[in-house]
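Student: This is the structure, below, for whatever I ask next.
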Amino acid sequence: MSIESRFVRLGELAHTRSGDKGDGSNIGVVARDPAAFQWLRDRLTPEAVADHLCGLGVGRVQRFELPNLLAFNFVIEHALGGGASRSLRLDSQGKALGTALLELRLEDPKPDGAHQTAFEETCAMTHALVKTDVDGPVTILTLARPAKRNALSRDLISKLRDELDRIAKTPRIRSVVLTGEGKVFCSGMDLKEAAADDASTEAQQAGVDAMHAFADLIRRLHTLPQPVIAAVNGDALAGGAGLMTACDVAVAVAKARIGYPEVLRGLAPVVVMHDLTSLIGGRRARQLLLSGEPITAEVAHAWGLVNEITPDDGCLAAAVELGKRYARGAPGAQAMVKKLLVETDGKPADLRGAAAVSAAMRGSEEAREGMRAFLEKRPPRWVS
């Protein structure tokens, strides 16, 4: 049986922390998620680390597992002539060891006839909140809260941002497809989570932090060097529509609806308003934002919000095919095109100011009534 191999850079799967342990150097390797930790368990051996760092004159290497932290601690004797062990937390030597270790390339064999390597199978595993799959040069990110209509909880936002940050540093990934599990692309922010915040200072700060995190996520989509394609498999509403418009291209199923119902909840889509207006113009944006009523995929296509409409069972395949086509382009040129388009569109370099406005609105009595009415499935009782 023939075996085809590829190599995975450790920095794609983990980050490092430096410390000390007695008279030995201590390098912590923290996996990005449980699946990466499991994959590294069999491959990131003390022997592999010692061989990679042999040029630094290291001695014996020991590995200790910390499963609860998704981490490995490597105790390295005589690293950098012993200098690292004396002040590893403070000087640059510890960082140098960690940085060097991230360049370790681990073999990922693919037996003849196998569809995926072990690493690709690991990426295809279901993670909490976001699923990551690989199809050649395309990475597919799937929002995985179908029972909650893929609502953007704080944890989901954090997980998606982490995945995009990882992708930005992974040159072998040439394009990204963002989609939703189930019948909905994304229904927007998790209003049940938001409505649970009380009037305490801590809760108000949590609300501000949540909107900052969402703003940073949208900005990350703007600045990601790889092209991002939204595979809109169903309704994209509120923050979900914002995710779609922050992507470079959107492919949608015919049954999808696109809408910004925030005004029906006592809110406003402050963070994503610029993207919408730049795509369809002020007049049409006013129609969507002031009414809160969704439009069909057909109308969205006519207005320029969606690039292509597909059958219900063809959306993801069409998006992946686009991603593979984009992978033929030069990555540096594509990154520069995206950067220049952001500048040409006049997108804000920092969306946290908009996020602060949104967070202030979420704390108002009008917003509390709107969110309560939504959760209780009744018309809101607005006070003039």
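Student: For the range 234-270, name all the residues that are assigned to a helix (DSSP H, G or I) and farther than 17 Å from T179 by Cβ.
Tutor: Scanning the range 234-270 gives P261, E262, V263, L264, R265.
Student: Going residue by residue through the range 276-288, is there one that turns out to be assigned by TED's automatic domain parsing to the domain that holds S175, in contact (Cβ under 8 Å) with a residue 60 or more places away in the chain and buried (at least 22 other Cβ atoms within 10 Å of the Cβ)?
Tutor: The answer is no; no qualifying residue exists.
Student: Do the conditions hold for P171, that is, is it of a type outside the set (D, E) and modelled with pLDDT under 95?
Tutor: Yes, satisfied.
Student: Looking only at residues that are outside any strand (DSSP E or B) and among the β-branched types (V, I, T) in the range 142-197, which one is farthest from A297 (Cα to Cα)?
Tutor: Per the stated criteria, the residue is T170.
Student: Kindly provide the set of residues from the range 322-333 that are assigned to a helix (DSSP H, G or I) and in contact with a strand residue (DSSP E or B) (Cβ under 9 Å, 6 or more places away or on another chain), ordered by number.
Tutor: Result: L322, G323, K324, R325, Y326.
Student: Evaluate the following for A349: is it in the same structural domain as M273 (by TED's automatic domain parsing), at pLDDT 90 or above and loosely packed, with under 12 Cβ neighbours inside 10 Å?
Tutor: In short, no.
Student: Related question: Residue check: is A241 in the same structural domain as T170 (by TED's automatic domain parsing) and either buried (at least 19 other Cβ atoms within 10 Å of the Cβ) or in contact with a Ser or Thr (Cβ under 7 Å, 6 or more places away or on another chain) (or both)?
Tutor: Yes; evaluated as a whole, the condition is true for this residue.
Student: I would also like to ask the following. Among the candidates G370, G304, G332, G363, single out the residue that is touching a residue at least 24 places away in the same chain (Cβ under 8 Å), under 30 Å from G136 (Cβ atoms) and either in the same structural domain as V253 (by TED's automatic domain parsing) or hydroxyl-bearing (S, T, Y) (or both).
Tutor: G304
Student: Now, a different point. For the range 137-148, enumerate the residues that are surrounded by fewer than 21 Cβ atoms within 10 Å (Cβ to Cβ) and in contact (Cβ under 8 Å) with a residue 40 or more places away in the chain.
Tutor: Residues satisfying the conditions are P137, K148.
Student: Which one of these is over 30 Å from F7 (Cβ atoms) and either at pLDDT below 85 or crowded, with 17+ Cβ neighbours inside 10 Å (or both): L97, L191?
Tutor: Every option except L191 fails the conditions.
Student: Right, another one. Determine whether the range 298-312 contains at least one residue that is aliphatic (A, V, I, L, M), part of a strand (DSSP E or B) and either surrounded by 24 or more Cβ atoms within 10 Å (Cβ to Cβ) or touching a strand residue (DSSP E or B) at 6+ places or on another chain (Cβ under 7 Å) (or both).
Tutor: The answer is yes; a qualifying residue exists.
Student: Can you tell which of R362, R328 is of a type in the set (D, E, K, R) and surrounded by 16 or more Cβ atoms within 10 Å (Cβ to Cβ)?
Tutor: Of R362, R328, the one residue that is of a type in the set (D, E, K, R) and surrounded by 16 or more Cβ atoms within 10 Å (Cβ to Cβ) is R362.
Student: Quickly run through the range 212-233 and pick out the residues that are in a loop (DSSP other than H, G, I, E, B), out of contact with any Cys (no Cβ under 6 Å at 6 or more places or on another chain) and crowded, with 24+ Cβ neighbours inside 10 Å.
Tutor: Q226, P227
Student: Taking the range 331-344 as the region of interest, how many residues are surrounded by 12 or more Cβ atoms within 10 Å (Cβ to Cβ) and over 20 Å from R172 (Cα atoms)?
Tutor: 2
The values are calculated or read from the model by the stated rules, or taken from the named source; none is laboratory data. This structure is a prediction, so every number in the text was calculated from the model and none was measured. Cβ atoms come from the backbone with ideal geometry, glycine included; neighbour counts cover every protein chain shown.
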